[in-house]
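Visitor: Pasting a structure here, questions to come.
Only the coordinates and a few stated rules stand behind these numbers; no lab work does. This structure is a prediction, so every number in the text was calculated from the model and none was measured. So basically every Cβ, Gly included, is an ideal-geometry build from the backbone, and we count neighbours across all protein chains shown.
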Amino acid sequence: MKAIEEFKKILDKFDAKYQELADYYNFECERCGQCCNQPVPINSPFEVLLLQEYFDKLDKVVQEKIIRRARTYKREIERRVYVKPSSFLDFCRFFLGFGLEEEKLAGIQCPLLEDDLCMLYKARPIACRKYGVPAKRRPTLPPCFSSDKKIDKKVSWLPLHMEVRKLEKKYGYDDKFSMLLPEALLMFS
Ligand code: SF4
Ligand code: SF4
């Protein structure tokens, strides 16, 4: 089986686990697009390969629009991240590397968001697939989670991430991989 097909099978498991939790909490994504206004991490080369597969199928004009937006996003990241810490608290967090970057990057719209919908929804990264339901390593609730149910069922995504890692090793991707989604998109230009 082609590596990317094996990867898609693991993604199906992420989606199934998400659905199990969503059903349990009676949570339905309202497709408001709010979660698409924060940085999306990519931690596997397979996520990039899958995005490319779907990106290549898009109309040239749409592809160019996405690349333009990705460039703007990258410039905005650089502008925000390299700005000096503005308070003593920022200063401490800057040196401890705690939280500041994520806060600084919040509110920048994902280049793939169009009319509150994802243009590459079927290829969306793992981080996007997990968003919206409570999990073990996320004690705080995402802003969209609205349910009167007690948070009494949590899951760990770790076993599925381990499956991805195993697949990477099988296909010779040994190095740690980390980038933001717009950076991955710029690789297609
Ligand atoms: S997961 Fe939440 S924030 Fe994201 S689109 Fe759905 S309801 Fe909105
Ligand atoms: S890839 Fe799609 S789902 Fe993920 S943040 Fe971007 S628009 Fe939203």
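Visitor: How would you rank 11-22, 178-189, highest first, on the average number of other Cβ atoms within 10 Å across their residues?
Guide: Per-residue mean Cβ counts within 10 Å order the peptides as 178-189, 11-22.
Visitor: Among Lys13/Lys74; Lys8/Lys74; Lys8/Lys130; Lys9/Lys154; Lys2/Lys169; Lys74/Lys166, which pairs are too far apart, with a Cα-Cα distance over 25 Å?
Guide: Lys13/Lys74; Lys8/Lys74; Lys74/Lys166
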